[in-house]
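Q: My questions will all concern the structure given below.
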Amino acid sequence: MHRERYLKVPQNYLMDLKQINAACRVTPQKPIQKLHDLPIDFPNEIICAKQVSGKFVSQILLELEDCVVFLPQRATSVLENHVDSLKGYRLVFRGTRNFGSQHHETADFEFLEPL
């Protein structure tokens, strides 16, 4: 009578399909929206924030409930040490303001404390 032999596979060789599938699945991304396209005076909760490096500059990227927003460059130097703390705060776009002698419109925004 033949005895069937089973090979014991070391635990570190077993595949973790949950981890593999999580890395392989393509999740729908939120659309990128311009800051000045956000509704005026509406508090948008910040889900996640990170500093990303582009080709020429570094910017703060905020993930909101429905979209992703890049903050203007002027906010990067002020927020770069606080990026990890922004989750739960709310971003409020207040409108655009004329800036400088050439009447360049710039976004006016602020942060509100978490609820």
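The values are calculated or read from the model by the stated rules, or taken from the named source; none is laboratory data. Predicted, not measured: the structure shown is a model, and the values here were computed from it. We place every Cβ from the backbone using ideal geometry, glycine too, and count neighbours over all the protein chains shown.
Per-residue answers, yes or no, for (1) modelled with pLDDT under 95; (2) under 15 Å from Leu112 (Cβ atoms); (3) among the polar types (S, T, N, Q):
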| residue | (1), (2), (3) |
| --- | --- |
| Glu4 | yes, no, no |
| Leu14 | yes, no, no |
| Arg25 | yes, no, no |
| Phe42 | no, yes, no |
| Ile46 | no, yes, no |
| Phe56 | yes, no, no |
| Gln59 | yes, no, yes |
| Ser77 | yes, no, yes |
| His82 | yes, yes, no |
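Q: Something else about it: Just the residues that are in a strand (DSSP E or B) and either more than 23 Å from Pro31 (Cβ to Cβ) or in contact with a helix residue (DSSP H, G or I) (Cβ under 9 Å, 6 or more places away or on another chain) (or both), please, taken from the stretch 64-84.
A: Within the stretch 64-84, Val69, Phe70 qualify.
Q: For the structure I just gave you, tell me whether Lys87 is of a type outside the set (Asp, Glu) and not in a loop (DSSP other than H, G, I, E, B).
A: When the stated conditions are applied, Lys87 does not pass them.
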